[in-house]
Amino acid sequence: MSDEHYGLPAVSLGPVSMPLLGFGTWQISDDDVTAAVGTAFEAGYRHLDTATGYGNEAGIGRALASAGLARDELFITTKLPPDHGGRERQTIEESLTKLGLDHVDLWLVHWPPGGQAAPEVWQEVVRAQQDGLVTSVGVSNYSLEQIDEITRAVGVAPAVNQIKWGPLLYDVAEVDGLRERGVVLEGYSPLKATDLDDPVLGEVAQAHGVTPAQVVIAWHVAHGFVVIPKSSRPERIVANAEAARVPLTVEQVEAVDGLARP
Ligand SMILES: NC(=O)c1ccc[n+]([C@@H]2O[C@H](COP(=O)([O-])OP(=O)(O)OC[C@H]3O[C@@H](n4cnc5c(N)ncnc54)[C@H](OP(=O)(O)O)[C@@H]3O)[C@@H](O)[C@H]2O)c1
């Protein structure tokens with residue numbers, strides 16, 4: 001279900017389109033993230049991934065305030081810490097205050113609380129959506145069974161499951177399972193989860209005159225997976241954005257699929 005978001009490849013979440021490429025911000029400090037996000041905006045990213053747990057929402061808010069981009073053009077994700085059950089509303093209000101926004105585009109349950117599906121937490125996340133504080137709602141690090149449990153209990157399926165992903169973790173059963181449930185697959189740690197020295201990536205990279213890291217990002221986009229690489233270095237922030245436009249052939253995508261070690 002391909003789509004476009006202001007000229008960027010995207011996937012439709014229904015009420016909003018989500019750019020396939022986002023800027024990951026884990027382990028970028030609140031002080032440093034403002035400049036990093038400024039560089040990301042200049043490089044063309046419009047989608048940011050943060051979390052209450054990253055401690056950098058205020059710094060991202062400063063970047064948003066100074067960027068002067070139209071709110072519609074931006075896609076902002078933040079996440080509910082798994083131990084914030086019972087204070088979901090307070091948590092999203094604090095996130096919005098720090099970000100300087102009246103809503104985020106996607107709010108995720110960061111991990112299954114206590115390892116459980118926790119429908120009571122999901123119910124409160126859905127309530128925040130109904131109240132207009134968040135446009136779309138989803139989960140992260142949930143199994144297909146846990147997704148089914150919260151969907152059955154609350155009557156609303158998550159729009160997205162954000163999971164650790166990359167060519168080595170490529171798993172057709174997971175892809176199909178999420179697709180059947182109408183849940184968008186958003187991958188995290190795309191580079192950390194990959195052996196960038198792999199010769200197959202090297203060959204494809206050489207064919208396009210790019211780096212193996214860029215091939216990994218291009219592979220996600222070719223499949224329609226959302227991908228959120230993080231970098232603190234301006235030249236890599238730019239290179240990772242450019243990667244989303246590297247046109248892999250079907251054969252090259254299949255060669256990278258072949259790295260999967262399920
Ligand atoms: N939901 C969850 O539980 C969860 C968990 C983990 C991550 N996430 C999200 O996913 C985002 C991405 O994951 P991640 O930060 O774990 O890992 P990642 O994006 O796969 O990798 C980041 C690492 O790769 C390096 N790097 C970046 N661009 C590169 C390039 N072009 N070539 C070579 N190395 C490059 C970075 O170093 P430099 O910074 O020095 O460039 C950094 O060490 C996070 O920032 C966060 O937003 C979510």
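Table: residues versus (1) among the charged types (D, E, K, R); (2) under 25 Å from residue 171 (Cα atoms); (3) surrounded by fewer than 16 Cβ atoms within 10 Å (Cβ to Cβ).
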| site | (1), (2), (3) |
| --- | --- |
| 103 | no, no, no |
| 110 | no, yes, no |
| 122 | no, no, no |
| 130 | no, no, yes |
| 133 | no, no, no |
| 140 | no, yes, no |
| 146 | no, yes, no |
| 150 | no, yes, no |
| 154 | no, no, no |
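Any chance segment 44-59 includes a residue that's within 12 Å of the ligand (Cβ to nearest atom), outside any helix (DSSP H, G or I), in contact with a His (Cβ under 7 Å, 6 or more places away or on another chain) and at pLDDT 95 or above?
Yes - at least one qualifying residue is present in segment 44-59.
Please determine whether any residue of segment 226-237 is hydroxyl-bearing (Ser, Thr, Tyr), near the ligand (Cβ under 8 Å from one of its atoms), open to solvent by less than 10 Å² (accessible area, probe 1.4 Å) and not in a helix (DSSP H, G or I).
Yes, that holds for at least one residue.
Go through the residues of segment 195-210 one by one and say whether even a single one is in a loop (DSSP other than H, G, I, E, B), under 30 Å from residue 86 (Cα atoms) and more than 19 Å from the chain's Cα centre (by Cα).
No, segment 195-210 contains no residue that is in a loop (DSSP other than H, G, I, E, B), under 30 Å from residue 86 (Cα atoms) and more than 19 Å from the chain's Cα centre (by Cα).
May I ask you to list pairs of residues, at least six apart or on different chains, whose Cβ atoms are under 8 Å apart, with the first in segment 86-102 being free of Cβ contacts under 8 Å to residues at least 40 places away in the same chain and outside any loop (DSSP other than H, G, I, E, B) and the second being open to solvent by 90 Å² or more (accessible area, probe 1.4 Å) and among the acidic types (Asp, Glu)?
Sorted first by the residue in segment 86-102, then by its partner, the pairs are 96/102.
From the list 152, 261, exactly one residue is away from the ligand (no atom under 11 Å from the Cβ) and in a loop (DSSP other than H, G, I, E, B). Which is it?
Result: 261 is the single residue among 152, 261 that is away from the ligand (no atom under 11 Å from the Cβ) and in a loop (DSSP other than H, G, I, E, B).
Using beta carbons and a limit of 9 Å, which pairs, at least six apart or on different chains, have the first residue in segment 17-29 and more than 8 Å from the ligand (Cβ to nearest atom) and open to solvent by 10 Å² or more (accessible area, probe 1.4 Å) and the second one of a type in the set (Lys, Arg) and assigned to a loop (DSSP other than H, G, I, E, B)?
Listed by first residue and then by second, the contacts come to 21/46.
Among the residues of segment 72-85 satisfying the criterion of being open to solvent by 30 Å² or more (accessible area, probe 1.4 Å) and within 18 Å of the chain's Cα centre (by Cα), which is farthest from residue 237 (Cα to Cα)?
82
Testing residue 185 on (1) part of a helix (DSSP H, G or I); (2) open to solvent by less than 30 Å² (accessible area, probe 1.4 Å), one condition comes back false. Which one is that?
Every listed condition holds for residue 185 apart from (1).
Pick out the one residue from 53, 44, 59, 38 that is open to solvent by 40 Å² or more (accessible area, probe 1.4 Å) and more than 18 Å from residue 160 (Cα to Cα).
53
Quick one: which residue in 203, 242 is farther than 25 Å from residue 4 by Cβ and modelled with pLDDT of 95 or more?
203
Exactly one condition in (1) open to solvent by 30 Å² or more (accessible area, probe 1.4 Å); (2) touching a strand residue (DSSP E or B) at 6+ places or on another chain (Cβ under 8 Å) is false for residue 220; which is it?
Against the list (1) open to solvent by 30 Å² or more (accessible area, probe 1.4 Å); (2) touching a strand residue (DSSP E or B) at 6+ places or on another chain (Cβ under 8 Å), residue 220 comes up short only on (1).
Give the residue, chosen from 186, 174, 180, 235, that is farther than 28 Å from residue 81 by Cα and modelled with pLDDT of 95 or more.
So the residue among 186, 174, 180, 235 that is farther than 28 Å from residue 81 by Cα and modelled with pLDDT of 95 or more is 235.
Taking segment 155-206 on its own, how many of its residues are within 13 Å of the ligand (Cβ to nearest atom), in contact (Cβ under 8 Å) with a residue 12 or more places away in the chain and aliphatic (A, V, I, L, M)?
The total comes to 9.
With the requirement that a residue be open to solvent by less than 30 Å² (accessible area, probe 1.4 Å) and touching a residue at least 40 places away in the same chain (Cβ under 8 Å), what does segment 5-15 give you?
5, 11, 13
Looking only at segment 141-168, which residues are under 16 Å from the mean Cα position of the chain (by Cα) and either within 22 Å of residue 219 (Cβ to Cβ) or among the small types (Gly, Ala, Ser) (or both)?
Matches in segment 141-168: 141, 159, 160, 161, 162, 163, 164, 165, 166.
The values are calculated or read from the model by the stated rules, or taken from the named source; none is laboratory data. On a predicted model such as this, the values are computed, not experimentally measured, just so you know. Positions of Cβ are generated from backbone atoms using ideal geometry, with glycine treated the same way; all protein chains shown enter the neighbour counts. Ligands, DNA and RNA are stripped out before the accessible areas are found, and what is left, the full protein with its side chains, is counted by its heavy atoms. Shrake-Rupley method; radii C 1.70, N 1.55, O 1.52, S 1.80 Å.
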